Amino acid sequence: MTVQTPLTHQDFKSDVKPIWCPGCGDFSVLSAVTKALAELGRPREDIAFISGIGCSSRIPAYTKVYGFHGVHGRALAIAAGVKLARPDLTVLAAGGDGDGLSIGGNHFMHACRRNVDMTYIVMDNQVYGMTKGQASPTTAPDWCNSKLTPEGTGISPVEPVRLALAAGANFIARGFAGNPNEVARLILEGINHPGFSLIHVLSPCVTYRPEQRDWKQAVHASDATPAQLIAEAMHRLASDDGFTTGVLFAGNRQAFMPPRRNLATIADLERKFAS
Amino acid sequence: MSGYSVSVALTGSGGAGAMTAGQILLDAASKAGFYGLMTRSMGPQIRGGEAAALLRISTKPISSLDDHYDLLVAFDWGNIARFAAELPLAANSLVLTDPEQGEVPEPIAVFGARAAELPMKSIASGIPGGRVNMVGLGAAAVLIGLPLDSILSVLTAQLGRKGEEVLAAATAALRAGAEAAAILPSVTKLGTAPKDGVVRWNISGNEAAGLGALKGGIKFVAAYPITPGTEVLEWLAPALDKTGGALVQAEDELASINMVIGGSFAGIPSATATSGPGLALMTESLGLAVASETPLVVVDVMRGGPSTGIPTKSEQSDLNIAVYGLHGDAPHLVVAPNSISDCLYATQWAVYLAEALQTPAIVLSDQAMGQARALIGKPAESPYVAKRLVAEANIENYKRYALTASGISPMAIPGTPGNNYVADGLEHNERGTPSSQASDHQSQLDKRAHKLDAFDYGDLWADIEGDAEIAVVTWGSATGPVQEALLRAKAKGINAKMISLRLILPIQPAKMAAALKGVKKVLVVEQTHSEQFHKFLRAHYDLPKDVAVISQPGPLPIRPAEIVNRLAAWK
């Protein structure tokens, strides 16, 4: 009989070299994910990690679980399909602000309200990095450093946590890539909380948004216990500066999962066609 | 005029009950032992639009509507101009009209058929709870020689639950219509129902496609409603629920196809159903399924296009997008059922092929088959079920996209220890790691093409009937009229062979060459405006020099007579 030694976070790291720039916040998120999975204690094969397209969406390949790197914007749909077809798996999804909130915005809203038991990590750097620096839905309206929108977008950004709350997400947290231990804890809490969990991670882009290095001065941990009522969370988030980290909402909605029943055989169904 | 069948059209404004009457007539024909086919023509209105139940009842299995209707029963003439073209009548056809509804309108009168009056509304109003459609149905049954008992037994089965009063009213209206029909001019009558002992099924193409998916092994469906594909999903939802599977309604087709990809990646055979606009939305992700080698099935119930087009009526014009719509070099399967019963077989086969080849399969059905109901012999069991090549646990240095002789590599399913990998839409190496190297691109492109090309599809690639120097090459729902036309042509001394393609992709050049051996003339029959199928054949197959084409857009069905005339002109 062999004694199973618990897996460490290193056991969840693959040998594929990330394409990310040196200093990218996503390295910390990768560490946080592997740490959370090691603490979760499930075998690697029972975890599915799904992503879309963008810098951060490369993350599944850097881990050692089953993964799917799909097309732009559809990570949540693939992840929902995995979980709905195989309720026994632990399902994580990840991607950036453009992938999740622009091209995937409709899926984001419906994933929140569908409340399938899975955890979605949005690595928000307020820029499209892979296409070399365009404004995303979370970019401030007056950011003028993109050739595509040289005078700024002039459009109000989306606040992911507020959107998630309004759409019905059951667990909402915000972390900062500069504090990977906190992010790991939030991811683990998200996995363990039933239903759809959003982990919004401020993850600086040092290449196109070097000013985001200042985020480490701006972030501050929430000193409140997590809101359990939507109205309370709404009230708090209405005046939030976007840099509060911690669990912002922990609801108690039941996760969505169609029941599996065996009430009939195909032959039973076929008899209905006979006249 | 076939001599073995009678065609009946029942028309009226929405709410007049034309569809209900048609459905009861078809069920009664089934009870009486006949074969039959019923299509429906409806406007886009949810309620109150025009509606026609188009039936053909026969003493032997039929695959097509006839050239014209022997009997047209009009409960009223509302909006008749919109679909009169779909109700062709011959000189000896009979139009049954209610004098209260005025003269037979010009678009129908132009056919020059006989007309007779039956005061359906007035008769119905004399019966408490009596309805016009039951009066018309009673008359129609007597006129075509369908035993009234068979209708009564259907009514009892269907209305029994609604209470005795409802049943009594319907029965009385039916009998009153039947009595009134005694003095009407005669129409073609049904022959004797065959006593062949064959168990009849009453099934629509959409139900058959759903059943085929289920029998093939589909356990997970994610879908978005769209006309005319919705009934595939509406049949599958309770069917999956009862048999240990699940159907989930997604927020759009982008989500549904990706949920299906997720379900299949997780090891569960997965499918969806849609129509043209939905297929267009899904094409990017179909490319993902090709690249990531994720098996899945999309049933596309085609309707008139482009854009929103004619959602309630049929056309074969999604052929191009199904074949060529994916970006990049993306080998995939396109399978086309060519009858209502083949909606079952072809879909089941598509599940088997997709799973065996780890690639997406598009099943091209259409509104004409999908929303039509047929009385057919109980379909025989098909051996094709999902059987995916999966990886055993703990394979050392597991390579998801390993280059193998067949091109098919064992797929590790989440939950299998030791073989974790990341499926990817990025080009990748054998392990699945993203790669932009020319050599990896070349070898993975070769792999994905080879696995489809090297597979043995057997005889199911096409239905081939007859042997002659003339071949009619067709596909999908155009096949029914071709089959009927070839029977009629034979009676006139014209022999022709039919080649109806079931496997559209991958192409089968060697098999087609064998099928066309000795053929000197080819007639292509399809339902598109731009000859999509003809051009597809031209691009991929060697055809003889002498080629003619019957290609017309929907919604008018292709009539057998048109095909016979073209063949006769050739001779």
> Lys/Arg Cβ at +1, Asp/Glu Cβ at -1, dipole of the stretch A:150-275 taken about the Cα centre: which of A:L248, A:V201, A:A169 is farthest positive-ward?
Replying inline: A:A169
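Please give the peptides A:248-257, A:16-25, A:126-135 ranked by average Cβ packing (other Cβ atoms within 10 Å per residue), highest first, as a rough proxy for protection.
Numbers: A:248-257: 17.2, A:16-25: 15.6, A:126-135: 19.6.
Per-residue Cβ counts within 10 Å, averaged per peptide and sorted highest first, yield A:126-135, A:248-257, A:16-25.
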>> Between 0 and 90 degrees, rounded to the nearest ten: what's the tilt of helix B:253-265 against the longest Cα principal axis of chain B?
In response: 50
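Summarise the partner chain shielding of A:57-65 as one whole number: the mean count of Cβ atoms from other chains within 10 Å of each residue's Cβ. Could you put the intermediate results ahead of the total?
Working: counts 0, 4, 1, 5, 9, 1, 2, 3, 4.
What the average comes to for A:57-65 is 3.
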> How large is ³J(HN,Hα), in whole Hz, for each residue of the stretch B:306-313 in order, when computed from phi with the Karplus curve 6.51 cos²θ - 1.76 cosθ + 1.60 and θ = phi - 60°, using x for Gly and Pro?
Replying inline: x, 6, 5, x, 10, x, 9, 10
> When the scattering of the stretch A:133-248 is computed by the Debye formula from its Cα atoms alone, each counted once and equally, what is log10 I(q)/I(0) at q = 0.12, 0.15 Å⁻¹?
Replying inline: -0.47, -0.72
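How would you rank B:321-331, A:103-113, B:278-288, highest first, on the average number of other Cβ atoms within 10 Å across their residues? Provide the component values of the computation, followed by the final result.
Values: B:321-331: 17.4, A:103-113: 21.3, B:278-288: 22.8.
Going from most to least packed, we get B:278-288, A:103-113, B:321-331.
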> At each listed q (0.14 Å⁻¹), what is the log10 of I(q)/I(0) that the Debye formula gives for the stretch B:202-377 modelled as equal alpha-carbon point scatterers?
Replying inline: -0.61
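For the protein assembly as shown, what is the charge dipole size about the Cα centre, in debye to the nearest 20, if Lys and Arg each add +1 at the Cβ and Asp and Glu each add -1 at the Cβ? Show your work: numbers first, answer last.
Values: 71 positive and 78 negative charges, 251 e Å.
Value, rounded to 20: 1200 debye.
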>> In Å and on Cα atoms, what radius of gyration and Dmax does the stretch B:150-305 show?
In response: 22.1, 69
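Using the eigenvalues of the Cα gyration tensor, what equivalent ellipsoid semi-axes result for the stretch B:459-570 when each is taken as the square root of five times the eigenvalue, whole Å, largest first? Walk me through the numbers before you get to the answer.
Values: eigenvalues 75, 57, 32 Å².
Square roots of five times the eigenvalues give 19, 17, 13 Å.
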> For the protein assembly as shown, with every protein chain kept in place, what is the accessible area per residue (1.4 Å probe, Å²)?
Replying inline: 38
> Over all distinct alpha-carbon pairs, what is the Kirkwood Rh of the protein assembly as shown in angstrom?
Replying inline: 29.4
> Among all the lysines, which ones have a C-alpha under 26 Å from B:K313's C-alpha, if same-chain residues fewer than 8 places away are not counted?
Replying inline: B:K535
>> Please report the antiparallel percentage of the DSSP beta bridges confined to chain B, to the nearest 5.
In response: 40
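Quick check on the stretch A:190-275: what are the equivalent-ellipsoid semi-axes from the Cα gyration tensor, as sqrt(5λ), descending, whole Å? Write out the running numbers ahead of the final one.
On the way: eigenvalues 442, 74, 22 Å².
Each semi-axis is the square root of five times an eigenvalue, giving 47, 19, 10 Å.
A 25 angstrom limit on the alpha carbon distance is what I want to check against. Which of A:K83/B:K387; B:K447/B:K511; B:K162/B:K378 exceed it? Working shown, then result.
On the way: A:K83/B:K387 22 Å; B:K447/B:K511 22 Å; B:K162/B:K378 30 Å.
Going by Cα-Cα distance, B:K162/B:K378 fall outside the 25 Å limit.
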> By how many degrees, between 0 and 90 and to the nearest 10, does the Cα long axis of helix B:230-242 differ from the longest principal axis of chain B?
Replying inline: 70
>> Just to be sure I understand the interface: list residues from the stretch B:159-205 that lose 10 Å² or more of accessible area between the chain on its own and the complete protein assembly, 1.4 Å probe.
In response: B:V199, B:R200, B:W201, B:N202, B:I203
> Stokes-Einstein D for the stretch B:5-183 at 20 °C, 1.002 mPa s, Kirkwood Rh over Cα pairs, in µm²/s?
Replying inline: 134
> Relative to the first principal axis of the alpha-carbon coordinates of chain A, what is the inclination of helix A:105-114, with its axis defined by its Cα atoms, in degrees from 0 to 90 and to the nearest 10?
Replying inline: 50
> Whose amide H sits under 5 Å from the amide H of A:T63, counting only residues 5 or more places off or on another chain, with H placed in the peptide plane?
Replying inline: A:S14
> Percent of accessible area on the stretch B:202-377 owned by carbon and sulfur, 1.4 Å probe?
Replying inline: 56
>> Nearest 100 Å² is fine: what is the total accessible surface buried where chains B and A meet, probe 1.4 Å?
In response: 4300
> What does the charge add up to near B:P194, with Lys and Arg as +1, Asp and Glu as -1, over the other residues with Cβ less than 13 Å from its Cβ?
Replying inline: +2
> Hey, what D do you get for the stretch A:43-149 in µm²/s if you plug the Kirkwood alpha-carbon radius into Stokes-Einstein at 4 °C and 1.567 mPa s?
Replying inline: 92
>> For a quick size check, give me the Cα extents of chain A along its three principal axes, largest first, whole Å.
In response: 70, 53, 39
> What does the helix-only formula give at 222 nm for chain B: each DSSP H stretch with n ≥ 4 adding -39500 (n - 2.57), the total divided by the residues, and the result rounded to the nearest 500 deg cm²/dmol?
Replying inline: -11000 deg cm²/dmol
> If you bin the C-alpha pair distances of chain B every 20 Å from 0, what whole percents do you get?
Replying inline: 21, 50, 25, 5, 0
>> Given Cα positions, please report Rg to Rh for the stretch B:389-455, the hydrodynamic radius being the Kirkwood one.
In response: 0.97
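Pairs of alpha-carbon atoms within less than 8 angstrom and 6+ residues apart define the contacts here; what relative contact order does chain A have, in percent? Walk me through the numbers before you get to the answer.
Working: 592 pairs, mean separation 48.0, N = 275.
Relative contact order for chain A comes out at 17 percent.
The values are calculated or read from the model by the stated rules, or taken from the named source; none is laboratory data. Owing to the predicted nature of the structure, the values given are computational and were not obtained by experimental measurement. Cβ atoms come from the backbone with ideal geometry, glycine included; neighbour counts cover every protein chain shown. All accessible areas refer to the heavy atoms of the entire protein, side chains included, with ligands and DNA or RNA removed. Shrake-Rupley method; radii C 1.70, N 1.55, O 1.52, S 1.80 Å.
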